[in-house]
Every structure is written in structure tokens, then in C-alpha cells.
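See below for the structure under consideration.
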Amino acid sequence: MRIRNVLTAVFLMMLMLQAPCVSLAAEEGASGQQETLVFDMAGLFTDVEREELEDAASALSERMGMEAAVATVNDNPDTAQVYADRFYQDQNLGTGTDHSGVMLLLDMDNREIYITTEGRMLRYLTDSRIKAVLDDVYVRMTEGEYGQAAMAFLEDVGICYDNGIAGDQYLYDTETGRVRPYRHISWYEALIAFVIAAVCAGGAVFAVIREYRMDNDNERMAANFKLSYRKDSAFRPGISIPEVLLGTYVTQQVIASTRNRNTGSGGRRSGGSLSGGGRTSTHTYRGRTHGGGGRKF
């Protein structure tokens with residue numbers, strides 16, 4: 001009996017020592033699972049396409065520091081916008097406290113493609129850029145190339161990120177009309193502005209000192225009281241004849257604007273531009289601010 005009790009105690013001690021190790025292994029296994037960014041509920045992608053899209057979405061999300069996801073659905077009783085915003089929030093997509101990221105929804109029920117954005121991505125994907133991305137996705141959706149449509153979305157989002165935030169970008173709340181412009185000055189821009197201001201101010205001060213220096217009172221007094229006769233028979237004090245402009249002719253010519261020229265990246269596959277700035281239209285869903293846009297196909 002004594003030997004049996006000793007063996008039982010040893011066995012129980014071994015179980016107690018192994019329990020933390022099993023728990024730790026389970027936690028490591030759970031944390032090691034890769035979070036999916038491709039939700040193909042409509043079954044539009046092949047296994048190869050799904051794997052390629054997952055790798056591309058993960059690499060892009062890591063590079064941007066904001067998540068990029070793709071979702072497909074066959075049954076949607078709501079609008080594409082409502083479904084996309086709700087799915088984005090329910091899946092806890094986005095990074096940081098502002099849930100920065102973007103998601104493409106391929107709604108096969110409503111035959112609509114929709115892009116939803118949140119957080120810092122609102123600044124990158126303006127209305128004009130979203131329209132350009134939709135151009136690429138739309139072409140492939142109408143041809144039934146669903147995997148290529150999703151891949152084009154990820155590639156274009158990467159180009160928009162590389163192009164940066166446009167200087168004239170602003171957020172426009174479609175529900176309240178509130179406008180929030182983009183204000184950002186980097187340290188080197190501030191330094192350049194300070195140097196330019198210092199040079200301009202120093203030049204102006206130096207010019208005034210040189211013009212009004214008091215080392216030759218006779219020349220200064222003569223210049224102040226000298227009268228010059230001009231073409232219009234008017235006398236002006238302090239102006240010598242060589243300084244008078246007797247005839248002025250102004251020629252005006254309209255210069256063609258280059259503002260609307262396409263400045264898109266070389267990786268573009270459609271005629272739109274992924275470098276456009278301007279407005280980002282926003283709306284509120286469940287108390288959070290979303291941007292985005294969609295198109296029927």
C-alpha cells in the first residue's frame with residue numbers, strides 16, 4: 001500500500017508539471033495561427049487564387065501598417081455599403097485605435113463592388129482614387145475574372161499608399177457637411193520655410209539699410225528734391241529721367257493648363273489616376289467614420 005501511494009503521488013506530480021507545458025503549447029499554437037484577410041464566402045476564388053490573395057494582402061498590410069482585406073458574399077439583404085461597413089467592424093479589421101484599413105466587397109447578390117475605408121486610410125483613398133481603383137476592379141468583374149479583380153484592388157491600394165497623401169486632401173462628412181482639411185508639415189518643410197523667411201527678411205533689411213544709409217547727406221538731399229519731367233507733363237520728386245518708363249504695352253496670352261493631365265503611376269491598367277487628391281466623402285456607421293465607394297457590375 002505504501003509503494004502504491006508513493007507511485008500515485010509521483011504520477012499526480014508529473015501531471016501537474018506537464019499541465020503548464022500543454023497550456024503554453026496551446027497558446028503558442030493559437031497565436032501562431034495566421035489571421036485571414038480573404039473572406040471568400042461566395043466561393044469565387046480557386047485555392048491557388050485564395051492563397052495568392054492571402055499572401056498579397058498580408059504583405060501589403062505589413063508594408064502599410066494598415067490592413068487590406070477582401071470579402072465576397074452571395075446573400076446580402078442590405079446595401080453593399082452597409083454590409084461592407086458592418087463586416088469590417090464585426091471582423092475587427094484595421095490597425096490601431098482608429099481601425100486603419102480598407103476592404104473590398106464583391107457583392108454577388110446586389111451585383112455591386114464596394115470599397116470601405118477607415119482611419120488613416122481615409123486620407124490615402126480619396127474619392128478620385130477610389131474611382132480609379134473601381135475602374136480596374138470593374139473591368140475584371142464583368143469578365144468573370146474574380147481573382148484578378150481582387151488582386152488588382154490590392155495592387156492599386158499599394159500604389160495609392162506609395163503616392164502618399166495629396167496636399168489638397170480633405171474629409172467631407174456627407175451627413176453634417178463638416179470639412180476637415182489635411183494639415184501636415186514635416187520637420188524639413190518647416191526648416192526650409194524658416195531658411196527662406198530668414199533670407200527674405202535679411203535681404204529686405206539689408207536693402208533698406210543700403211538705400212537709406214546716412215554717409216552721404218548731400219546726395220540724399222539732392223535725390224529727394226530733384227524734379228523730373230515725365231511724358232504726361234507731370235512732375236514727380238525724386239525720380240531721374242532714365243528711371244521714367246515712357247511707354248508701357250501689356251501682352252496677354254492664355255497658357256494651357258496641365259492640371260488635368262494624367263499623372264498616375266506606371267503600374268496603372270486603366271485610364272484613371274491613382275495620385276488624385278481632393279475630397280474624401282465620409283459617413284458614420286455604428287458611431288465610426290467610414291469612407292468608400294461602389295459600382296454596379
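The values are calculated or read from the model by the stated rules, or taken from the named source; none is laboratory data. Keep in mind the model is a prediction, meaning the values are calculated, not measured. All Cβ positions, even for glycine, are placed from backbone atoms using ideal geometry, and neighbour counts span all protein chains on display. Protein only, heavy atoms only, side chains kept; ligands, DNA and RNA dropped before computing areas. Shrake-Rupley method; radii C 1.70, N 1.55, O 1.52, S 1.80 Å.
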(request) Determine, yes or no, whether I192 is open to solvent by 70 Å² or more (accessible area, probe 1.4 Å) and either outside any loop (DSSP other than H, G, I, E, B) or farther than 19 Å from N74 by Cβ (or both). (result) yes
(message) So the check is Cβ under 6 Å with 6+ separation or different chains; which pairs have a first residue in segment 59-70 that's more than 16 Å from Q89 (Cβ to Cβ) and a second one that's modelled with pLDDT of 95 or more and open to solvent by 20 Å² or more (accessible area, probe 1.4 Å)?
(response) S61/E67; M64/Y161
(request) Within segment 130-153, identify whether any single residue is touching a helix residue (DSSP H, G or I) at 6+ places or on another chain (Cβ under 6 Å), under 24 Å from G277 (Cα atoms) and hydroxyl-bearing (S, T, Y), and answer yes or no. (result) no
(message) Tell me whether segment 97-118 contains one or more residues that are farther than 21 Å from R279 by Cβ, touching a Gly at 6+ places or on another chain (Cβ under 9 Å) and hydroxyl-bearing (S, T, Y).
(response) yes
(message) Suppose the filter is at pLDDT 95 or above, under 28 Å from A166 (Cα atoms), surrounded by 24 or more Cβ atoms within 10 Å (Cβ to Cβ) and within 19 Å of the chain's Cα centre (by Cα); does L93 pass it?
(response) yes
(message) Condition first: part of a loop (DSSP other than H, G, I, E, B) and over 14 Å from E112 (Cα atoms). Can you find one or more residues in segment 153-165 that meet it?
(response) yes
(request) Could you list all residues from segment 169-209 that are modelled with pLDDT of 95 or more and of a type in the set (D, E, K, R)? (result) D173, E175, R178, R180
(message) For the condition assigned to a loop (DSSP other than H, G, I, E, B), open to solvent by 20 Å² or more (accessible area, probe 1.4 Å) and farther than 26 Å from R140 by Cα, what is the one hit in D109, D78, D98?
(response) D98
